[in-house]
Amino acid sequence: MKDFSALAAPESEEGRLLARLDPSRMPRHVAIIMDGNGRWARSRRLPRVAGHRAGIRSVRETVESAARLGLEVLTLYAFSQENWKRPRSEVDTLMDLLQEYLRKELATLHENRIRFSVLGRLAALRPAIRGELEGAVAATAGHDGLRFNIAISYGGRAEIADACRAIVRDGLAEEAVDEAAIAARLYTAGQPDPDLLIRTSGEMRVSNFLLWQIAYAEIHVTPTLWPDFRFRHFLEALLDYQGRERRYGGIEDGEEIAGGAAAARG
Ligand code: IPE
Ligand code: IPE
Ligand code: MG
C-alpha cells in the first residue's frame with residue numbers, strides 16, 4: 001500500500017490533509033472539468049487567455065500529484081466540442097498553449113512513466129497539433145504508470161455517437177449490442193470509469209463530459225478557479241470522496257441485516 005507521508009511536510013496544510021487520506025480507499029480514476037480561467041483573468045483585469053496560461057501550472061501540478069498519489073487514471077477536460085464556438089483568437093491561443101505544454105512536459109511524462117492519451121475528435125485539430133499529440137501518445141504508450149487522458153475537441157454525446165458508428169462498422173448483431181459492446185468502443189475503452197469527478201469554479205453542470213462513464217461517479221464541485229487549484233484542493237476533493245457512501249443503486253451498508261432482523265421480529 002502507498003505511503004503518502006513523503007508527499008508533503010507533516011506540519012504543512014497538505015501534510016495534515018494527507019494524514020487523513022486513506023490509501024486503501026483511493027479512487028482509481030479522477031476526472032476534472034478545469035473551469036474558471038476566464039473569471040480568474042477578469043478578476044485581475046487581464047485578457048481571458050492570461051487565465052488559460054495561468055491554468056497550465058495547475059495542470060502540471062495536478063498531473064504530478066495524481067502520479068505521486070498512485071492513481072490509475074487522470075482525465076482532464078481541456079477543450080470541448082462546444083468550445084469551438086469561442087472567438088478564433090482564444091481558440092488559437094488555447095491550441096498554442098496545448099502544444100507548448102506538450103513540448104515542455106514530455107520529458108516529465110517519461111520520467112514519471114506516465115502514459116498519455118487523447119480523448120476527442122482529433123480530426124478537427126490543426127495537423128501540427130494533432131501530430132504533436134499523436135507523437136506523445138506513441139512515445140509514452142509503453143509506460144505503466146499513471147494513465148493521463150486529455151479531452152480535446154471532446155463531446156460526450158459525440159463519443160457515444162462514434163461508438164454507435166463503430167458498432168455498425170463492426171457489423172454487430174442486434175443481440176450483441178449491450179453495455180459492454182458500447183463501452184468497448186468509447187474513447188476510454190479498457191479504462192475504469194471515473195470514481196470522482198471534480199469541477200472547479202463552482203458550476204453545477206457536467207457540460208457534455210464523459211456522459212456514459214460518469215454514471216456512478218461521485219461529484220465534487222469547488223468554488224476555486226482552475227488557475228488557483230493546488231495540491232491541497234486536490235486532497236480536499238479526495239477526502240470529500242472518501243467521506244461518501246457509494247451505493248450503485250443498492251441499500252445502505254449493514255441496512256439489510258438490520259432490516260432482515262426487523263422483518264423477522266415481524
Ligand atoms: C476553462 O475556463 C477553460 C476552457 C473551457 C477551455 P473558461 O475559459 O471556461 O473560464 P470561464 O468559465 O469563462 O471563467
Ligand atoms: C467545460 O467548460 C469545458 C472545459 C472545461 C474544457 P465550459 O466553460 O466550456 O462549460 P460551460 O460553457 O460553462 O458549460
Ligand atoms: Mg467556463
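The values are calculated or read from the model by the stated rules, or taken from the named source; none is laboratory data. Given the structure is predicted, the values throughout are model-derived calculations rather than measurements. We place every Cβ from the backbone using ideal geometry, glycine too, and count neighbours over all the protein chains shown. Quick note on the areas: whole protein, heavy atoms, side chains included, nothing else; ligands and nucleic acids left out. Shrake-Rupley method; radii C 1.70, N 1.55, O 1.52, S 1.80 Å.
When Lys and Arg each count +1 and Asp and Glu each count -1, what net charge do the other residues less than 10 Å away from residue 155, Cβ to Cβ, add up to? Intermediate results must be reported in sequence, preceding the final value.
Values: positive: 121, 157; negative: 82, 159, 162.
So the surrounding residues net to -1.
Just the Kirkwood number for the stretch 27-174, please: inverse of mean 1/r across all distinct Cα pairs, in Å, one decimal. Mind showing how you got there, number by number?
Numbers: mean 1/r = 0.0609 Å⁻¹.
One decimal place: 16.4 Å for the Kirkwood radius.
Let me cross-check residue 13: its accessible surface, 1.4 Å probe, with only protein heavy atoms counted, in Å² to the nearest 10?
Taking all protein chains as shown, residue 13 has close to 90 Å².
Less than 19 Å from a label point 7 Å out along the Cα-to-Cβ axis of residue 207: which backbone N atoms in the stretch 64-92 qualify, by residue?
Only 74-92 pass the distance filter.
With +1 on each Lys and Arg Cβ and -1 on each Asp and Glu Cβ, and nothing else charged, work out how big the dipole of the stretch 30-243 is about its Cα centre, in Debye to the nearest 20. Walk me through the numbers on the way to the answer.
Numbers: 28 positive and 28 negative charges, 243 e Å.
Roughly 1160 debye for the stretch 30-243.
Quote to one decimal, in nm, the extra length available between residue 6 and residue 110 on full extension: 0.36 nm per residue of separation minus the C-alpha distance between them.
Details: separation 104, 0.36 × 104 = 37.44 nm, distance 2.15 nm.
My answer for the length gained is 35.3 nm.
For a quick check: with amide H placed at 1.01 Å from N, whose amide H comes under 5 Å from residue 221's, ignoring anything fewer than 5 positions away on the same chain?
So residue 221 has HN proximity to 199.
Mean shadow of the chain, computed from the convex hull of its alpha carbons, in nm²? Don't skip to the answer; put the middle values down first.
Numbers: hull surface 75.2 nm².
It is 18.8 nm².
How many Å² of accessible area per residue for the stretch 30-243, probe 1.4 Å? If you can, show how the numbers build up before the last one.
Values: 9900 Å² over 214 residues.
For the stretch 30-243, the solvent-accessible area averages 46 Å² per residue.
Mind giving me the FRET efficiency for residue 46 and residue 138? R0 is 35 Å, r the Cβ-Cβ distance, nearest 0.05 is fine. Please report the intermediate quantities before stating the final value.
Numbers: r = 36 Å, r/R0 = 1.04.
Efficiency for this residue pair is about 0.45.
Quick one: accessible surface of residue 93, probe radius 1.4 Å, all protein chains present, in square angstrom to the nearest 10.
40 Å²
How do 245, 11 rank by accessible surface area computed with a 1.4 Å probe, from largest to smallest?
Numbers: 245 80, 11 130 Å².
Listed by decreasing accessible area, they come as 11, 245.
Compute the longest continuous run of the chain that contains no exposed chymotrypsin sites (Phe, Trp or Tyr not before Pro); treat a site as exposed when its DSSP state is not H, G, I, E or B and it has at most 15 other Cβ atoms within 10 Å. Numbers along the way, then the final one.
Numbers: sites that count: 216, 248.
The longest such stretch corresponds to 1-215.
5 Å is the cut-off here: which amide hydrogens, built 1.01 Å from N in the peptide plane, fall below it relative to residue 147, excluding neighbours closer than 5 in sequence?
73, 74, 115
Within the accessible area of the stretch 30-243, what % is carbon and sulfur when the probe is 1.4 Å and the other protein chains stay in place? Walk me through the numbers on the way to the answer.
Details: 5000 of 9900 Å².
Here it works out to 51 percent.
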